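Every read-out reported here was derived from the displayed coordinates using simple, explicitly stated rules and does not represent laboratory data. None of these values were measured; they are calculated from a predicted model. Cβ sites come from the backbone with ideal geometry, for glycine too, and all protein chains shown count toward neighbours.
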Amino acid sequence: TVSGNVLISAYAQVGHAQDARTFFNEMLDRNASTWNNMINAYVQSGELEHARALFDVMPQRDQGTWSLMIHAYTRRKLLEQAEQLFLQLEEPDVMSKTCMIVGYGLAGRISDAYNMFTGMVERDTVSYNAMVQAFAENNHTDSARQIFDSIPRPNLSSFNAMIAAYAQQGNVQQAKEIFDQTKSRNVVTWTAMMNAYGQAGQVEEAKRIFDTMPEPNTVSWTTMITAYAQNGMSKEALQLFRCMDLAGVEATRVTYVSVLYACSDLTELQLGRLVHRDVKNLHRRLYFENVVGNSLMQMYGRCGKLVEARTVFDEMVDRSTPSWNTMISAYSKAGHGTEALRLFELMAVDGGSRPDCITFMSILFACSHAGLVEVTRSQFRSMSMDYQLEPW
RNA sequence: CUGGCCAAGCUAA
C-alpha cells in the first residue's frame, strides 16, 4: 500500500491524474493516504470536479482530505465552496483554519480572515504567516507588521512575507530593516529585497543584489527585468532577458509579460514579433496564458498594429475582462472609436466577462474622441443601470 | 506514503 501511495503521489506531482487513476483502480487495499493522493492528483492537474467526485465517495475522510479539498478551492478563488466544506467540519484542525485565512485574504475578506485567526486556540508559525500575508496583500501593512511582531517563533517565511509587504509599499527602509534581521536567507529573501529596491526606483541597488545573490532563479531574473522595465530602462530589461536566455533559465508567463511591456515601451515591434514567435513555438503552454495574450495585444496596439493585436485577441482561448479592456482601449487610443464600441457590444453578447470601470473608461474615451456624444450619454447610463458601476 | 504560510507579472486615466 505504501509503495502504491508513493507512486500515486509521484503521478500527482507531475499532474498525470489519468495514470494515477489507472493505478489507483488496480490497488487492492487503499488507506486514507491512497485516496488523498489520488484526490491530490486531480487537484494538481486542475480537475477539481473529479477531485470533488472522489472526495464525495471517499469512505474514511481524515483531516488531510478536508484541508486538501478546502485548499484546492481557496487557491482557485472558489471561496463559497471552501467555506461550505469548512463549515461541515466539527473539529477543523490548524491546517484547515489556516487554509481559510488564506482564502479570506485572497478574497479581500480581511475581517473574516482575522476572525478566523483570533478564534484559533492553537496556532503555529504557518498560521501567523498566513495572517501576515492576508493583511499584507490587502495593503494593511501596519497590521501585518503587528502580527509579525507577535509571532512567537518566526521562521524565514515570516521574514520573507514581511519584506515583501514593505516592498510592495515601496518602503525600502523598513524592508531593509527586516532583511537585516534575518539570520539565514534563501532565494525568496534575496528576491523580495531586490524587488523592494525595484519598487522604490533604486534600480542600481536592485542590480547589486541580483549580481551578488547566491542562486538567482527564474523569479529573480524576472524581478530584475521588471525593475528595469518599470523604471524606464526597457533597453536594459531586454538585454537582461537575452542574458537570461543564454544562461538557460526558463522564462515564465511573468517573464514574458515584463519583456513584452519593455517592447511596447520602446515600440520595439521587431523584437515583439520575435518574442511572439518564440513563445508561440517554444512555450506553447505559456502562449495560451491569458496574461501573455494580453501583453502581446498591448504590445501590438502600442505599436499601432491593430490587426495583429486583434488576431491575438481572436486566438485567445479564454478572455478575461483585462483582455477585452486591452483590445478596446487599443482601438480607442488609435482613434477607432466605432471599432471599440463594436467590440464592447460583442463583449456583452459573449457574456464571458463582465465589464468593469476600466472598460467604461475606455469606452467613454473612445466615444468622446469620436464625437459620439449621444452614444457616450447612453453608455454612461448603462454603466450604472446595467452593471452597477458608479461613475466617478 | 497524503493536506496549510513566503519572492516577480497584464488593461483605462
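If you place +1 on the Cβ of every Lys and Arg, -1 on the Cβ of every Asp and Glu, and leave all else neutral, what size is the dipole of chain A about its Cα centre, to the nearest 20 Debye?
Dipole of chain A, to the nearest 20 debye: 780 debye.
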How do A:SER332, A:SER368, A:SER45 line up, fewest other C-beta atoms within 10 Å first?
A:SER368, A:SER45, A:SER332
Most mobile of A:LYS207, A:LYS280, A:LYS235 per a Gaussian network model of chain A (Cα springs, under 10 Å)?
A:LYS280
Shape category assigned to segment A:59-128 from the gyration tensor of Cα positions, a/c cut at 1.5
oblate
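Are any of the pairs A:LYS77/A:LYS280; A:LYS97/A:LYS183; A:LYS235/A:LYS305 more than 24 Å apart by Cα-Cα distance, and if so, which? Walk me through the intermediate numbers first.
Working: A:LYS77/A:LYS280 28 Å; A:LYS97/A:LYS183 29 Å; A:LYS235/A:LYS305 21 Å.
Check vs 24 Å cut-off fails for A:LYS77/A:LYS280; A:LYS97/A:LYS183.
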Label segment A:272-370 by shape, choosing from rounded, prolate and oblate, from the square roots a ≥ b ≥ c of the eigenvalues of the Cα gyration tensor; if a/c is under 1.5 it is rounded, and otherwise prolate applies when a/b is larger than b/c, oblate when it is not.
oblate
For segment A:331-374 and segment A:1-64, what is the separation of their C-alpha centers, rounded to whole Å?
47
Could you let me know the centre-to-centre spacing of segment A:187-232 and segment A:267-325, using Cα atoms, in angstrom?
26
What net charge do the residues around A:LEU48 carry, taking every other residue with its C-beta under 14 Å from that of A:LEU48, with Lys and Arg at +1 and Asp and Glu at -1?
0
Choice from A:ARG76, A:ARG145, A:ARG185 showing the highest fluctuation, given a GNM over chain A with Cα pairs closer than 10 Å:
A:ARG76
Mean separation of Cα contacts under 8 Å (at least 6 apart) over the residue count of segment A:154-271, i.e. the relative contact order in percent, is 19
List A:MET297, A:MET347 from most exposed to least, where exposure is judged by having the fewest other Cβ atoms within 10 Å.
A:MET347, A:MET297
Relative contact order for chain A, counting Cα pairs under 8 Å that sit 6 or more residues apart, in percent
6
Long-range tail of P(r) for segment A:111-254 (Cα pairs > 23 Å, %):
39
By its C-alpha gyration tensor, with a ≥ b ≥ c as the square roots of the eigenvalues, how is chain A shaped: rounded for a/c under 1.5, else prolate for a/b larger than b/c, else oblate?
prolate
Among A:ASN138, A:ASN290, A:ASN31, residue whose mean-square fluctuation peaks in a GNM of chain A (springs only between Cα atoms under 10 Å)
A:ASN31
From fewest to most C-beta neighbours within 10 Å, the residues A:THR222, A:THR22 line up as A:THR22, A:THR222
